[in-house]
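Read the structure below first, then the notes.
The values are calculated or read from the model by the stated rules, or taken from the named source; none is laboratory data. Everything numeric here is computed off the predicted structure, so don't read it as measured data. Cβ placement follows ideal geometry from the backbone for every residue including glycine, while neighbour counts extend to all protein chains displayed. Quick note on the areas: whole protein, heavy atoms, side chains included, nothing else; ligands and nucleic acids left out. Shrake-Rupley method; radii C 1.70, N 1.55, O 1.52, S 1.80 Å.
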Amino acid sequence: MEMSNFTLFDPRCRAEAPFSIDVIMQLDIFGIVLFSVLTLMATVSMLVFIEECIYIYKKVPPNKKSVIIWVTGAAPVIAIMSCLGMWVPRATMFTDMTSATYFAIVVFKFLILMIEEVGGDNVFLRRSENKSFKINTGPCCCCCPCLPNVPITRRSLFMLKLGSYQFVLLKLVLTILSIVLWSNGNFRVADVSANGASIWINSFIGVLTIIALWPVAIMFMHVREALLTLKMVPKYAMYQLVLILSQLQTAIINILAMNGTIACAPPYTSQSRGNLMSQQLLIVEMFIITLVTRVLYRRQYDPIPDLDDSVEETKTVLTSKRAVDNA
């Protein structure tokens, strides 16, 4: 009850997010150690990513360099943006927008990566001749098994790309619009009323996100067996994990903060304290994902089996490879 009254009546709990100097001045020994360790983890994540970029530049075929760099950069970029938001709480809106915009690009690039791993558009269409896409997959139509399969053609492949690319374009446009509205006093992240711009823009972004994830899921379901030897399943799992942690986890914490479930702790308001918790979690999580991603993508690129190969033949390739490694 005392904490509730304190949160309710302390004027600092109704103020804006603290300045950086206020954050630094209130740090105790534990806070200094915690902030230092998290900053170090974010820095190491970026250094690992830079080292990975050098490796990719030297070892990876030209058609895959750009997409792999974009995809592997998701976790380090989110970690660095979270670290900046942790030290500069008033910049949280901009760091979150930067992370979300970058991940919108990653969604599209991951779709391109799967196509390039097969050999590019032409090779993919040739290998998938007389086959079809299974479209009753998540996140849109996993509950619609009656949907017919779509024949794989150049047009259907283009529509998949367009479905993910629209998220890149519209996310950038909506981010710029949000900043313009914020500068005019019409956009506040914490304003979830029907009269506020935030609830409408964020809802629209949520719909765009679901639409963009659908083509990636359709493509993954089609190529996952053929790309087993390239570790596409764990790569897709890491991509999904970044999505869940950076979007869903952050959204849940922000909702709890706006409802007052996360108590105010001056100089942090409830909202800024929720942001702090989310940022600290993301730094640790993205650090781990960066290390795992480095292992998954650090390999030589060998030819993949034909898409016509059966699951049994793919398992035989994996068994033979393990036997050679053990020898």
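In the stretch 1-80, which helices (runs of 4 or more DSSP H) lie fully inside it and hold 3 or more residues that are within 23 Å of the chain's Cα centre (by Cα), over 30 Å from K161 (Cβ atoms) and modelled with pLDDT of 90 or more?
Ranges flagged: 29-59.
Given the criterion modelled with pLDDT under 85, out of contact with any Lys or Arg (no Cβ under 9 Å at 6 or more places or on another chain) and not in a strand (DSSP E or B), identify the matching residue among R90, R188.
R188
With T72, T39, T92, T98 as the choices, which residue is in contact (Cβ under 8 Å) with a residue 12 or more places away in the chain and touching a Cys at 6+ places or on another chain (Cβ under 7 Å)?
Exactly one residue qualifies, and that residue is T39.
Report, by residue number, each residue of the stretch 190-210 that is open to solvent by 70 Å² or more (accessible area, probe 1.4 Å) and in contact (Cβ under 8 Å) with a residue 24 or more places away in the chain.
Within the stretch 190-210, V192, F204, I210 qualify.
Suppose we filter the stretch 213-265 for residues that are open to solvent by less than 40 Å² (accessible area, probe 1.4 Å), part of a helix (DSSP H, G or I) and of a type in the set (V, I, T); how many remain?
Final tally of qualifying residues: 7.
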